[in-house]
């Protein structure tokens, strides 16, 4: 399964949506590379590293944005972000160290990110009621 951006995923914040779109592209590329079945290789390591870095940047941006917007469940959101980042970083480290990673582990990580992007609707009303964020240093440019 590959995810395509759908406006129903829109958070109401253009920067956050741009980041989600970019992350979806990286995850889709990771899934394609993962389907080769080797679960090793430079391309997989590069993509996993990119996902870990993007996740870190994106999660900080999203947390700051939602804190400013008055989101009440920040502890829950931070715990979810920490879990996703730790999954990505653990797989990235294993791959970067030359270990073989089961392809299903990469698939599960991709589904976790897909789920995060497509189901985090609880805070959308907070962001739809605010002016869109300005261009920020959190724009992705890889």
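Tabulated data
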| quantity | calculated |
| --- | --- |
| Tally, over region 50-87, of residues that are within 17 Å of residue 22 (Cα to Cα) and in contact (Cβ under 8 Å) with a residue 40 or more places away in the chain | 10 |
| Index of the failed condition, residue 118 passing every other in (1) out of contact with any helix residue (DSSP H, G or I) (no Cβ under 8 Å at 6 or more places or on another chain); (2) touching a residue at least 60 places away in the same chain (Cβ under 8 Å) | (1) |
| Odd one out for residue 20, checked against (1) assigned to a loop (DSSP other than H, G, I, E, B); (2) touching a helix residue (DSSP H, G or I) at 6+ places or on another chain (Cβ under 9 Å) | (1) |
| Close pairs (7 angstrom Cβ cut-off, 6 or more residues apart or separate chains): at positive phi in region 1-17, surrounded by 19 or more Cβ atoms within 10 Å (Cβ to Cβ) and part of a helix (DSSP H, G or I) anywhere | 12/127 |
| Residue in region 62-78 that is farther than 18 Å from residue 126 by Cβ and either surrounded by fewer than 17 Cβ atoms within 10 Å (Cβ to Cβ) or modelled with pLDDT of 90 or more (or both) present | no |
| Some residue of region 48-55 being at pLDDT 90 or above, surrounded by fewer than 16 Cβ atoms within 10 Å (Cβ to Cβ) and closer than 30 Å to residue 126 by Cβ | no |
| Residue 47 touching a residue at least 60 places away in the same chain (Cβ under 8 Å), under 30 Å from residue 100 (Cα atoms) and in a helix (DSSP H, G or I) | no |
| All positions within region 5-29 that are modelled with pLDDT under 90 and either surrounded by fewer than 20 Cβ atoms within 10 Å (Cβ to Cβ) or closer than 30 Å to residue 98 by Cβ (or both) | 5, 6, 7, 8, 9, 10, 12, 14, 17 |
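To keep it simple, each residue is scored yes or no on (1) touching a strand residue (DSSP E or B) at 6+ places or on another chain (Cβ under 9 Å); (2) part of a loop (DSSP other than H, G, I, E, B); (3) surrounded by fewer than 17 Cβ atoms within 10 Å (Cβ to Cβ); (4) modelled with pLDDT of 85 or more.
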site: 105; (1), (2), (3), (4): no, no, yes, yes
site: 112; (1), (2), (3), (4): no, no, yes, yes
site: 115; (1), (2), (3), (4): no, no, yes, yes
site: 131; (1), (2), (3), (4): no, yes, yes, no
site: 137; (1), (2), (3), (4): no, yes, yes, no
site: 140; (1), (2), (3), (4): no, yes, no, no
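The values are calculated or read from the model by the stated rules, or taken from the named source; none is laboratory data. From a predicted model like this one, the values you see are computed outputs, not experimental measurements. No Cβ is skipped: glycine too gets one built from the backbone with ideal geometry, and neighbour counts run over all protein chains shown.
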